[in-house]
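Colleague: I have a structure here, written as structure tokens, and I will follow up with some questions on it.
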Amino acid sequence: MNSTNTRSSGRRGTIRRRGRRRRVSLTPYLFLLPGMLLFLSWTVYPLLKAFQISLYDWNPIPGLASPFVGIHNYTRAFNDPIFWLALRNTLMYTVVTVAGQMLLGLTVALLVDRVTFGRTAFRTVYYLPVVTSWVVVSILFKYLFNSSPAGLVNYLLVDVLHLLPDYVRWLSNANTSWVAIMSLGIWKGIGWNMVIFLAALQGIPTELYEVAAIDGASGWQRLWRITLPLIRPTIVFVLVMLVIGGFQAFISIYLITGGGPMQRTEVLLSYMYNQGFKYLDFGYGAALSYLLAALIFGISFTQMHFLQRRIEY
Amino acid sequence: MSDRIRQRLGQTLLVLVLGMGALAVALPFIYMISTSLKGQVYVFEFPPRFIPSHPTLNNFVSAWQSNNFGRYFLNSLLVALVTTVLELLLSSTVAYAFARFEFPGKSVLYYTLLATLMVPGMMLIIPQFILASRLKLLNSLTGLILVYTAGGTAFNTFLLRGFFEQLPRELEEAALIDGGNYLTVFFRILLPLSTPALATVAIFTFLGAWDEYVWALTTINEPLKRTLPIAIANFHGTHASDWGLVFAGSLIAIVPVLIVFVLLQKYFIKGLTAGAVKG
């Protein structure tokens, strides 16, 4: 593939070599220029700038001095109990929501893959939460979990299903707030998982199942021995993407609890955002964002390293 | 015979299970719609009702007329449209350069682009804020557009480069030999052949810009420059108990998205699974 590319561009090169050489060498840069200019100024420069800021006690007011403090902002994080709490919350949120989304998403995908009636309709409904804005669904869940008896969740759990003895004030306590935040995270992600898994399932050759059926394999055996091993690359991909996503949870928490009560539901991004834009401590905020990025890099690489294995069929 | 019956039964069971699941997933939406149709008196009635006893469109009228939603809607539409056009243009030109040319610095630039795909967008928000304030781009829709466009460049370039490289080069080469220049080749040959990929980029860019919250929240203060997500979140803050109004506003914001989604599902699925499933 690569060698044919070079060969054909080489051929074109010889055709235009005579007299128009300069133009060939300038053209790609002209095509790159506008897009790259934007990319370099709003992505690459901020990336470097964030690191610089993290080394200063940055003063957001232009003209005032910002003393250089070295790695102080980083050591400060390690001695900051709220940072550790936010980290623990982030990990907990990620583990629970990733497991929930993958399990439910895969289950739905397996079912939708088999169903012959209304497949598109089911797929559309399960996917609706994915395309709905985080702002809207966060506010919606806040409303569903509100603590007056008319809150839909309380009503369903207490009056309809009789699963709870009494109404719960979901959002006034950290543990029950997490129930609201995490169920939102899972509910919103099932559809994405379903679509990706469905595509993978449809790529499995049906002959494999036919052969297994002839050999007398049960449904469970087919699932464990054929389906899951064959979609393993997709499972790894989904896992990596969801973990990255879980670490970036922000809007739901910011809008449902704001990190409260008493900063007990703070996650890394909400803590970073509050440091930056509530307390205007840009240096500490930038250090927190670098710690978060390092964490995401580290975890993603570890996952890919340990889980990725080539599959042939 | 009994096999067919068993299959029928199996399918019925499947439809039942999937139907119940779908109902559970849809329930929050159904309740949102019904709340938006309730007058303030009925929002907290007990037991909660899915079908409003006195349905009214007042919430929609009041969101649109007396709460400036029309303005926010236009702001969002403008930002999302301009971002989409800009993104299509910029990421496809960059992708074209990477797909069809050899030049010094190519791999360094490309790997820089790919590396930033791993960077969580929000980690850049502090330096971006500083940059925007230096460039007088705070409180400005242009500031939103530039940051949204830049934020998508890496992924969309990656996606489009992959697509361009699958297209045969013969047509382009023939056009060049016939005296066409690279610009006409790009616009007249390459882009028309790439409509499916461009559609995917357009849809995701539009929705991303339409729904973006954090950057807008951070940089927009002036009420008249708000976009829909900011307006809805603020609405929820200032009209804390007026849920009917909040959800009427929310529905105004998400209905266009749902329409786009239902009509263009094909491209959605394609874009989603583009990087995910390789044979």
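Colleague: Going by average Cβ neighbours within 10 Å, how do the peptides B:205-211, A:90-96 rank, with the highest at the top?
Modeller: Values: B:205-211: 22.3, A:90-96: 18.3.
So the order, starting with the most tightly packed, is B:205-211, A:90-96.
Colleague: If you average the C-alpha positions of region B:145-187 and of region A:102-180 separately, how far apart do those two centres end up, in angstrom?
Modeller: Their Cα centres are 43 Å away from one another.
Colleague: With springs connecting C-alpha atoms under 10 Å apart, model chain B as a Gaussian network and identify which of B:12, B:93, B:153 has the largest mean-square fluctuation.
Modeller: Checking each option, the largest mean-square fluctuation is seen for B:12.
Colleague: Taking beta carbons within 10 Å but only from partner chains, what does the mean come to for residues B:14-23?
Modeller: 6
Colleague: Sequence gap at least 6, Cα distance under 8 Å: using those rules, report the relative contact order of chain B to the nearest whole percent. If you can, show how the numbers build up before the last one.
Modeller: On the way: 232 pairs, mean separation 82.4, N = 279.
The value is 30 percent.
Colleague: Anything over 32 Å Cα to Cα? Flag those among B:106/B:225; A:49/A:278; A:142/B:225; A:278/B:136; A:49/B:225, in the order listed.
Modeller: Violating the 32 Å Cα-Cα cut-off are B:106/B:225.
Colleague: On to the next question. Return the single residue from B:202, B:233, B:26 with maximal mean-square fluctuation; model: Gaussian network over chain B, springs between Cα atoms under 10 Å.
Modeller: Taking springs between Cα atoms under 10 Å, the residue moving most is B:26.
Colleague: ³J(HN,Hα) across region B:81-86 via Karplus (A = 6.51, B = -1.76, C = 1.60, θ = phi - 60°), whole Hz, x for Gly/Pro?
Modeller: 5, 5, 4, 5, 4, 4
Colleague: How high is the relative contact order of region A:125-283, in percent, with contacts defined as C-alpha pairs under 8 Å that are six or more residues apart?
Modeller: Values: 138 pairs, mean separation 38.7, N = 159.
The value is 24 percent.
Colleague: Also: For the pair residue A:222 and residue A:26, how long in nm is the line joining their label points, each one 7 Å along Cα→Cβ?
Modeller: That separation, rounded to one decimal, is 6.4 nm.
Colleague: Also, quick follow-up: Over what distance in Å are the Cα centres of region B:47-73 and region B:108-144 separated?
Modeller: First find each Cα centre; the distance between them is then 36 Å.
Colleague: Dividing the alpha-carbon radius of gyration of region B:67-273 by 2.2 N^0.38 Å (N being the number of residues), what value is obtained? Walk me through the numbers before you get to the answer.
Modeller: On the way: Rg = 19.6 Å, N = 207, 2.2 N^0.38 = 16.7 Å.
Against the compact-globule rule of thumb, the ratio is 1.17.
Colleague: Given the options A:235, A:248, A:224, identify the residue whose Cα lies farthest towards the positive end of the charge dipole of region A:179-313 (+1 on Cβ of Lys, Arg; -1 on Cβ of Asp, Glu).
Modeller: A:248
Colleague: Which residue, A:203, A:63, A:283, tops the fluctuation ranking in a GNM of chain A built on C-alpha contacts under 10 Å?
Modeller: Of the options given, A:63 has the highest mean-square fluctuation.
Colleague: Which residue, B:120, B:159, B:230, has the largest displacement toward the positive end of the dipole of region B:67-273 when charges sit on each Cβ (Lys, Arg +1; Asp, Glu -1)?
Modeller: The listed residue farthest towards the positive side: B:230.
Colleague: Another question, then. Per residue of B:85-96, how many C-beta atoms from partner chains lie within 10 Å of its own C-beta, taken as a mean?
Modeller: For this peptide, the per-residue mean of nearby foreign Cβ atoms is 4.
Colleague: Simple spin-label model, 7 Å along Cα-to-Cβ: residue B:9 to residue B:171 in nm?
Modeller: Placing both labels 7 Å along Cα→Cβ, they lie 5.5 nm apart.
Colleague: What does the helix-only formula give at 222 nm for the protein assembly as shown: each DSSP H stretch with n ≥ 4 adding -39500 (n - 2.57), the total divided by the residues, and the result rounded to the nearest 500 deg cm²/dmol?
Modeller: Working: 26 runs with 411 residues, N = 592.
Calculated mean residue ellipticity at 222 nm is -23000 deg cm²/dmol.
Colleague: Collect residues whose amide H, placed 1.01 Å from N in the peptide plane, falls under 5 Å from the amide H of residue A:56; neighbours closer than 5 in sequence don't count.
Modeller: A:69
Colleague: I need the calculated FRET efficiency for the pair residue B:66 and residue A:280, taking r as the beta carbon distance and R₀ as 45 Å, to the nearest 0.05. Show your work: numbers first, answer last.
Modeller: Details: r = 35 Å, r/R0 = 0.77.
Computed FRET efficiency for residue B:66 and residue A:280: 0.85.
Colleague: As an exercise, use a Förster radius of 30 Å and the Cβ-Cβ distance of residue A:207 and residue B:27 to find the FRET efficiency, rounded to the nearest 0.05.
Modeller: On the way: r = 40 Å, r/R0 = 1.34.
That gives a FRET efficiency of 0.15.
Colleague: Could I ask something else about it? Straight distance only, please: which lysines reach the Cα of residue B:266 with their own Cα at less than 24 Å, same-chain residues fewer than 8 apart left out?
Modeller: Hits, sequence-local ones excluded: A:188, B:278.
Colleague: Over chain A, what relative contact order in percent results from Cα pairs under 8 Å that are six or more residues apart?
Modeller: Working: 315 pairs, mean separation 80.4, N = 313.
It comes to 26 percent, rounded to a whole number.
Colleague: Turning to a different aspect of this structure: P(r) for the protein assembly as shown: what percent of alpha-carbon pairs falls in each 10 Å bin, starting at zero?
Modeller: The percentages, shortest bin first, are 3, 14, 24, 26, 19, 10, 3, 1, 0.
Colleague: Kirkwood Rh over alpha-carbon pairs of chain A, then Stokes-Einstein at 25 °C and 0.890 mPa s: what D in µm² s⁻¹, rounded to an integer? All intermediate terms of the calculation are to be shown ahead of the outcome.
Modeller: Numbers: Rh = 23.8 Å.
Answer, rounded: 103 µm²/s.
Colleague: So, one more: Quick one: check the C-alpha center-to-center distance for region A:226-243 versus region A:36-51, whole angstrom.
Modeller: 33 Å
Colleague: Quantify how strongly other chains surround peptide B:150-158 by giving the mean number of their Cβ atoms within 10 Å of each of its Cβ atoms.
Modeller: Mean shielding by partner chains, rounded to a whole number: 3.
Every number here is computed from the coordinates shown, using simple stated rules; none is lab data. Everything numeric here is computed off the predicted structure, so don't read it as measured data. All Cβ positions, even for glycine, are placed from backbone atoms using ideal geometry, and neighbour counts span all protein chains on display.
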